[in-house]
Structure formats: C-alpha cells, structure tokens
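The values are calculated or read from the model by the stated rules, or taken from the named source; none is laboratory data. Small disclaimer: the values here were computed from a predicted structure and weren't measured. Here the Cβ positions follow ideal geometry from the backbone for every residue, glycine too, while neighbour counts run over all protein chains shown. Side chains are part of the model used for accessible areas, which takes the heavy atoms of the whole protein and leaves out ligands, DNA and RNA. Shrake-Rupley method; radii C 1.70, N 1.55, O 1.52, S 1.80 Å.
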Amino acid sequence: MITPAFELTQDPDFLTIVIKVPYARASEFDVYFEGEDFKFYAKPYFLRQLTLPGRVVEDGREKASYNTDERTFTIRLPKEIPGQYFEGLDMLTSLLAPKKSRSGKPLVEERAACAELSEEEEEEFDWEIEQTPYEESAESTLPLQCCYGFGNLRSGVFQRLQDELSDVIDIKDPDQTPVDERRRKRLAAEAAKFDPDHYLADFFEDEAIQHVLKYKPWWVDAHEKMMAFKGESHQEHDTHTFVVFSDEEKEQLRKFTNKSYLLDKKSRHHVYLGLIDILLAYCYEICVNEGDKNVESAWNVRKLSATLCWLESFTSIHDVLVSFGRRVLCYPLHRHFGLVTRAFNDTVMILQLGKAAVLKCLLDVHKIFRENDPAYILNDLFITDYCIWIQKTKSRKLAALSESLQKTTLTKSHTGFELEELEAAAVLVEEEERVLKAAGTVSKQQLPSSESETSESEESSSTSSSETEGSDSDERESSSSEDGKINSLQGTLQEERTAPLIDCNGLRQGTNTLAFEVGDEKPKVSLQSTSVPEKLIEELEKQMHTAIRLSEQPEGLAPASCVFQEQEENRVSGSDGFSKGSAGKGNFLEVSSKANPLLLFCSTNEDED
C-alpha cells in the first residue's frame with residue numbers, strides 16, 4: 001500500500017482534508033472518521049490512521065468530493081465544538097500514528113514519554129542548566145563511551161565511520177573525548193584560526209557585506225504579517241498560517257517515522273540550546289548567499305554550528321551566542337560582526353513564528369545535508385530527530401525560548417578576540433594615512449602656482465641674461481676695436497708655435513710681452529711695449545673674464561709666484577665663472593673652449609721673456 005499525499009486546513013466550523021490519489025479509482029474508496037481518528041482507503045492508497053488534533057463529529061454536514069482534473073479527494077468534516085482551533089495541522093509526521101510493536105518495551109517507553117510530556121507542560125522551563133563541581137571518579141575498567149547526537153542519545157557511531165570522520169566533524173575520536181575536553185579543544189582551535197587581518201579587511205571593506213545584509217528571507221515577510229495581524233486583532237491566532245510548506249517538504253514529512261524521545265530535564269536543555277545553535281548557522285548561510293544554495297552551503301552550516309561540528313553540549317544561551325560569534329569571525333569567507341547580529345535577529349523571528357517556521361528551516365537543513373556526501377551523517381545524528389521532535393513541541397515553549405534569546409546580549413568583547421582594540425588601532429592608522437594623503441593632495445594643488453612663479457622667474461632671468469648678453473656683446477665689440485688699436489700700435493708679427501702666454505706682472509707694469517694664438521694655422525700676435533695704456537689693459541681683462549677658469553699646472557712650468565693681485569684673486573674666487581685652486585700649487589687659468597685659448601702664467605725667472 002502507498003501512503004497518499006495529503007494536507008489539512010480548517011475554518012471555524014469544518015476541518016478539510018485534501019488527499020491526492022492520481023492512480024486510484026474514484027468509484028472505489030472508503031472513509032472512516034470518529035472523534036480524533038481518521039482513515040482513508042482507495043486502492044492502491046491507504047491512509048491507515050491520522051490522529052487529529054481535535055474531535056470531529058458525524059452529523060450530516062460532512063461532505064466528500066472528487067476533482068477529476070487534479071485527481072484529488074476533498075473531505076469536509078464538521079468540528080465537534082464549533083470555533084475550536086486545531087493546532088498543528090502542518091505537522092504531518094506527528095499526525096501519522098506510530099507503528100505498533102510486538103514487544104512490550106516500546107509501550108512502556110510511550111507511557112513514560114507521556115508522563116514526561118505532562119511534567120514538561122506543567123513546570124516552568126529554566127533555560128540555565130544547574131552546574132555542579134567536577135568530581136574525579138575512579139577509573140573504570142570499561143572503555144570510556146561519550147555520548148553525542150540529538151539529546152546525547154547516540155554513541156559509538158564514529159567508530160564505524162572513521163573514513164568520513166574528518167569530513168564531517170572537527171573533533172578527533174569523539175567516542176573517547178568527554179564534553180569538557182571537546183570544549184577546550186574547540187576554543188583552542190578557534191583562537192588559532194582567528195585572523196586579525198581578515199577581520200579588519202571585512203571591517204573596512206564591507207560593501208559586499210552591507211549588500212547581503214539588505215536581503216530579506218521568507219521569514220521576514222511572515223513575521224511582518226504576523227505582527228500586523230496581532231496589531232489589528234487581539235484574538236488567538238495560529239502563526240502556522242503565515243508559513244507555507246512546499247510539496248517536497250510535505251513529502252519529506254510523510255517519509256519521517258513518527259516516534260517519541262525519552263529526554264530528562266538536562267537533555268531537553270541541550271536539545272533546545274542545540275536548536276538555537278543550528279538555526280543561527282542556517283540563518284547566516286541564507287543571508288550571505290541570499291537564499292541560494294551552493295556547494296559550500298553544507299560546509300557553512302556545519303562549520304558555524306559547534307553542535308554539529310564539535311558535538312558540543314551547551315549550558316546557557318549566552319554560551320551558544322559566544323560560540324557562534326567566534327566561529328563566524330574565524331571560518332567563513334565573510335567575517336563581520338554585523339552578520340552575527342543579523343543571524344541573531346533572524347533566529348528570534350523564526351522562534352516567534354512558532355514551530356512551523358522552525359520545522360521549515362530544519363527541513364531545508366535536512367535537504368542541504370541530504371544532498372552532500374558525507375554530511376548526511378549529521379541528518380542521522382541530529383536533523384531528522386529534530387524534525388520529528390519539533391512537531392510535538394508546545395508553541396509556548398518556543399515563545400519562551402525566543403524571549404530568553406531576545407534578552408541575551410552579545411558584544412564584541414564577549415568573543416575574546418579583542419575586536420574593539422583592533423578596530424581602534426586600525427582607525428588610528430587609517431586616520432594617519434588620510435591626513436598624509438590630504439597633505440600630499442594640497443601640495444599637488446599648490447604645485448601649479450609655484451611652477452608659474454618659477455616660469456615667471458625664469459622669464460625674468462632670461463630677460464636679464466639677454467640684456468647681459470647684449471651688454472657683453474657691446475663690450476666685446478668695444479674690446480675688439482681696442483685690440484685693433486693695440487695691433488696697429490705694435491705693427492709687428494712674430495711666428496711662435498708654443499702656447500700663447502701673457503705675463504701678468506709685465507702687463508701691470510707696462511713691460512714684457514703680450515702674445516695671442518688663435519690656432520695652429522693662424523698667425524700669433526705678440527705685443528712688446530713698455531707703456532701700454534691702463535684703459536686698454538682693463539678692457540682686455542674684461543674680455544678674458546668670461547672665458548677663463550682655473551686648472552692644474554701643466555707639466556714643465558714652474559709654480560707661479562704671483563698670479564694676480566688681491567683684486568684678481570677675489571674675482572677668481574667669486575661667482576664669475578672661476579674656481580679657485582689649491583694654494584701653493586701654481587694653478588693656471590685654462591681658457592674655455594668658447595673663447596680664444598689663452599693661458600696666463602708667471603715665470604720664476606725674471607730674466608726670461
């Protein structure tokens with residue numbers, strides 16, 4: 001027999017059951033209902049038994065119809081108490097009756113489970129677990145077996161799955177590692193993994209993160225509708241109507257096996273806190289990928305949840321938030337504290353929407369792990385049991401859990417990574433760089449004005465230099481005329497192949513020889529006079545002034561005993577194109593290549609010409 005697909009809806013007076021039977025004969029079907037029981041048969045489909053959340057009655061108002069296009073039966077059953085609200089119509093797994101067992105043990109477990117549920121409904125739930133001092137016990141001869149999984153009900157699983165161990169969880173040898181040691185190793189691994197540079201990069205360059213923070217998943221719209229409805233109506237309303245399950249999700253709910261869980265008070269605490277941890281990781285995954293799934297989705301969910309990755313058993317809501325915040329800042333691509341806050345707010349909204357919203361999220365996680373190898377092991381350890389268990393959880397428990405979560409605060413200092421100090425130091429460095437950059441920009445802006453000033457000064461200097469060149473040309477012309485006069489006064493040419501020399505002492509005193517050499521092929525002019533006009537001598541000195549520089553003494557010439565008088569020495573040491581040589585070395589003035597090559601010297605022997 002095939003269990004058909006079905007769904008239940010209600011109005012104030014009727015309960016409506018829609019059953020899909022695409023391969024059944026419409027003329028042959030049976031329906032049975034009484035009180036909270038409902039059965040349906042249409043070969044080859046058999047809905048053995050539905051346990052309804054409220055009582056229905058047979059009073060003549062019941063009605064059944066068949067849609068040939070959609071091939072569905074629609075059955076309307078009147079409520080025994082008109083206006084009564086049937087809770088949990090979306091929880092299809094819990095509506096299907098559990099299979100009966102031939103042994104008596106499950107029956108005892110069912111009765112104990114009922115007693116446990118009634119006790120859970122009566123007591124006020126405290127979300128903080130009592131902690132007792134650690135007492136060292138004697139070593140046991142039996143090997144240590146540590147529990148994990150949903151409600152810590154499993155053990156020894158990873159002994160059979162050593163190959164898949166490293167791809168699913170981060171802890172090594174979980175069957176021999178107690179809870180306290182798991183926590184110590186987890187904190188050490190997170191501290192070693194934290195990267196300040198990665199965090200600061202996401203802190204300052206957060207354009208992509210700010211973009212994903214604007215994404216609104218389906219529970220945001222459902223929460224807004226729920227709050228709007230509560231503001232308009234003060235009547236009791238089931239939040240399940242704001243959550244819609246897809247056909248695939250309904251099919252998965254029908255595949256689950258309905259069962260009960262024997263959980264003591266401590267185990268129930270672990271289950272509720274583990275639920276928060278899984279929802280936080282799931283909300284982060286949906287936010288950063290904007291609702292799209294990819295190959296990293298399974299890794300993100302299990303890596304950010306210490307419950308799944310380290311088989312952690314939390315003792316308080318604050319511990320859950322701290323663990324999640326630390327793992328967000330250590331492992332995924334986007335490591336921003338704003339994503340931690342966003343996942344926190346989304347989890348609060350999901351819990352406020354009720355168990356239907358929680359179940360829809362768990363079904364999505366179940367699908368993510370089911371399609372990833374070997375993450376499907378986490379479905380067997382946690383998610384499948386959570387999907388079955390949440391359907392039987394009271395909505396007021398989830399409401400109380402959401403209130404406690406909303407009152408819990410998480411700051412950057414709680415993570416233990418000194419985030420505020422890192423941010424403050426980085427801000428100071430950024431401010432310093434901005435100041436230096438601004439100063440560089442100002443100097444660049446002032447550069448054109450300084451360049452214009454420089455050009456103006458160059459223009460003025462070029463103008464003055466042109467004027468100076470004009471005056472120099474005039475002086476050279478006048479000097480040339482004076483040279484002509486000197487040549488006319490001497491009137492004597494003599495041929496010499498040695499370098500032309502001028503005796504300074506003789507020139508000053510109006511004696512000795514004046515010789516010019518223009519080149520090897522040109523005649524040399526020599527002037528011997530005892531009475532040269534002083535004015536002509538000054539003009540000649542001006543002409544020589546711009547073309548003479550000081551050089552080392554040539555070989556074969558004696559050091560000069562007197563080169564110039566005080567006036568000539570001051571001129572050589574000044575800025576008129578001369579450089580002063582070392583004292584006592586008999587340095588000579590070498591004529592520039594731009595003028596006629598002249599060499600000025602003083603002979604040590606006064607008798608030589």
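Below, the figures for the structure above:
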read-out	value
Top-ranked residue of the range 266-287 - restricted to ones that are out of contact with any Phe, Trp or Tyr (no Cβ under 9 Å at 6 or more places or on another chain) and open to solvent by less than 20 Å² (accessible area, probe 1.4 Å), ranked as farthest from Trp310 (Cα to Cα)	Glu285
Search result, residues across the range 44-64 that are open to solvent by less than 40 Å² (accessible area, probe 1.4 Å), out of contact with any Ser or Thr (no Cβ under 7 Å at 6 or more places or on another chain) and more than 22 Å from Ile81 (Cβ to Cβ)	Tyr45
Which listed residue is touching a strand residue (DSSP E or B) at 6+ places or on another chain (Cβ under 7 Å), open to solvent by 30 Å² or more (accessible area, probe 1.4 Å) and farther than 18 Å from Thr68 by Cα, from Tyr32, Tyr41	Tyr32
Conditions (1) open to solvent by 10 Å² or more (accessible area, probe 1.4 Å); (2) in contact with a strand residue (DSSP E or B) (Cβ under 6 Å, 6 or more places away or on another chain); number of the one not met by Leu311	(1)
Residue check, Thr341 modelled with pLDDT under 95 and out of contact with any strand residue (DSSP E or B) (no Cβ under 6 Å at 6 or more places or on another chain)	no
Any chance Leu273 is out of contact with any Cys (no Cβ under 9 Å at 6 or more places or on another chain), in a loop (DSSP other than H, G, I, E, B) and aliphatic (A, V, I, L, M)	no
Scan of the range 15-56 for residues that are closer than 21 Å to Gln391 by Cα and polar (S, T, N, Q), ordered by number	Thr16, Gln49, Thr51
Members of the range 203-231 that are surrounded by 15 or more Cβ atoms within 10 Å (Cβ to Cβ) and either outside the structural domain of Leu333 (by the TED database) or assigned to a helix (DSSP H, G or I) (or both)	Phe203, Ile209, Val212, Leu213, Trp218, Trp219, Ala222, His223, Met226
